[in-house]
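K.L.:
A single structure is presented below for examination.
The values are calculated or read from the model by the stated rules, or taken from the named source; none is laboratory data. Bear in mind the structure is a predicted one, so any value in this text is a computation, not a measurement. Heads up, the Cβs are rebuilt from the backbone with ideal geometry, glycines too, and the neighbour counts pull from every protein chain shown. Just the protein is used for accessible areas: all its heavy atoms, side chains included, with ligands, DNA and RNA removed. Shrake-Rupley method; radii C 1.70, N 1.55, O 1.52, S 1.80 Å.
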Amino acid sequence: MSIDAIKDRLGNFAKDVKLNLSSALNDQTLSEQTKYGLLLASAISTRNAQVAAAFEAEAAKHLSPAAFEAAKAAASIMAMNNVYYRFVHLASNKEYGTKPARLRMNVIANPGVDKNDFELWSLAVSAINGCGMCIDAHEKVLREGGVSSETIQTAVRFAAIVQSVAVALEASTPAQA
């Protein structure tokens, strides 16, 4: 299924979602790699197979194989980290924050693409998954890397749009009895 096919399946209630998605797809403020890696990582993180497949097909037209894999890696590694660090942050027992995570995450240090792109993608996924510790950590690295607050806001806005597409698609699909 293509992104246009998904837009066609969205109910009338999702007019704003469609408009926001069109706006994101037509946005020229991010490089192609940054934008399509961001959209792909976000789509995978929605856990909606149709949305993920549509964005994978579109991203494949715009990303190098290395960037395509890095976007998938950002979604995958942050799925793990967001659960773990959200627990550390939310647990009343602060002892967990003093313990080593013991989670392999080498891809963060060597993602195979521009570090700022990978960090933006990781931030977007963390926003979807609701991990405040990870949001703060990635935002700090991005700011230290010279990324503007406008670019960071755009990345999170795009993640929010992709998440809303997944929810609107689910709401547009009749429930099975």
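K.L.:
Angle, helix 49-60 long axis vs. longest principal axis of the chain, Cα atoms, 0 to 90°, nearest 10?
P.N.:
Here the helix axis deviates by roughly 90 degrees.
K.L.:
Here's a follow-up. How large is the accessible surface per residue of segment 19-72, computed with a 1.4 Å probe and reported in Å² as a whole number? Let's see the in-between values first.
P.N.:
On the way: 2310 Å² over 54 residues.
Result: 43 Å² of accessible area for each residue.
K.L.:
Quick one: which residues, 5 or more positions from Met105 or on another chain, have an amide H under 5 Å from its amide H? H modelled 1.01 Å from N in the peptide plane, none for Pro or chain starts.
P.N.:
For Met105, no residues qualify.
K.L.:
Can you tell me the alpha carbon radius of gyration of segment 130-177 divided by the globular rule-of-thumb value 2.2 N^0.38 Å?
P.N.:
Relative to the 2.2 N^0.38 Å estimate, segment 130-177 comes out at 1.62.
K.L.:
Grab the Cα-Cα distance for Thr29 and Met105, subtract it from 0.36 nm times how many residues apart they are, and report the gain in nm with one decimal.
P.N.:
Residue separation times 0.36 nm, minus the Cα-Cα distance, leaves 24.4 nm.
K.L.:
Nearest 20 debye, what's the magnitude of the dipole of the chain about its Cα centre given +1 on Lys and Arg Cβ and -1 on Asp and Glu Cβ?
P.N.:
Values: 17 positive and 17 negative charges, 98 e Å.
That gives a dipole near 480 debye.
K.L.:
Asp4 to Met80: FRET efficiency via 1/(1 + (r/R0)^6), r the Cβ-Cβ distance, R0 22 Å, to the nearest 0.05?
P.N.:
So the FRET efficiency works out to roughly 0.10.
K.L.:
Further, regarding this structure: Each residue of segment 133-139 in order: what ³J(HN,Hα) in whole Hz does its phi give by Karplus 6.51 cos²θ - 1.76 cosθ + 1.60, θ = phi - 60°, with x for Gly and Pro?
P.N.:
Residue by residue, segment 133-139 yields 4, 5, 4, 4, 5, 6, 5 Hz.
K.L.:
Okay, next question. For helix 149-172, what angle does its Cα long axis make with the longest principal axis of the chain, in degrees from 0 to 90 and rounded to 10?
P.N.:
50
K.L.:
If you don't mind, another one. Place a +1 charge on the Cβ of each Lys and Arg in segment 90-177 and a -1 charge on the Cβ of each Asp and Glu, then give the dipole magnitude about the Cα centre in debye, rounded to the nearest 20.
P.N.:
Here the size comes out at about 340 debye.
K.L.:
Right, something else. May I ask you to order 59-72, 27-40, 121-134 by the average number of other C-beta atoms within 10 Å around their residues, highest value first?
P.N.:
Ranking, from highest mean packing down: 121-134, 27-40, 59-72.
K.L.:
Using +1 at the C-beta of Lys and Arg and -1 at the C-beta of Asp and Glu, which of Val147, Thr34, Ala52 has the Cα lying farthest in the positive direction of the dipole of the chain?
P.N.:
Ala52
K.L.:
Still on this structure, please answer the following. Based on C-alpha coordinates, I'd like the Rg and Dmax of segment 8-64, in Å.
P.N.:
For segment 8-64, the Cα-based Rg and Dmax read 11.7, 36 Å.
K.L.:
Assuming 1.002 mPa s and 20 °C, estimate D for the chain with Stokes-Einstein, Rh taken as the Kirkwood radius over Cα pairs, in µm²/s.
P.N.:
Result for D is 129 µm²/s.
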